[in-house]
Amino acid sequence: MRRILHQARYCVANTFVYWGPTLLKDAGLMDVRIIGFYGAIPLIIGAIGMYLAARHSDARGERLWHAITAQILTVIALFILPAASHDPLTAVACMAAIAVGH
């Protein structure tokens, strides 16, 4: 089970590192600076979302359902992301949801 989770982390990391700029380019963004800006937005939102989720988890003293919810959010966003390849805002929103859940 740990091996599967370890490989899933690589899948999500590869989505951002290798495929994120390509997805944004396919969504209609052509300027490299704009692609870089749009690519940074999900990571910033992800950092804020992870902080808020961890704070809420600590306040409630509950870890399991917070982790399950984050993983479900990531899986749903990973399934929607290829279909969102024609709209930059939807692609960024999916990538932000992946970053929060990851």
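Read-outs throughout are calculated quantities, based only on the coordinates presented, and are distinct from any laboratory measurement. From a predicted model like this one, the values you see are computed outputs, not experimental measurements. Heads up, the Cβs are rebuilt from the backbone with ideal geometry, glycines too, and the neighbour counts pull from every protein chain shown.
Observations on the structure shown:
- Cα gyration tensor shape of the range 24-92, rounded if a/c is under 1.5, else prolate or oblate by comparing a/b with b/c: oblate
- C-alpha long axis of helix 2-14 to longest principal axis of the chain, angle in °: 30
- In the chain, Cα pairs under 8 Å separated by at least six residues give a relative contact order of 39 percent.
- The angle separating the long axis of helix 88-101 from the principal Cα axis of greatest extent in the chain is about 20 degrees.
- Note on I68 and N14: their simple-model spin labels are 2.9 nm apart, each label 7 Å out from Cα toward Cβ.
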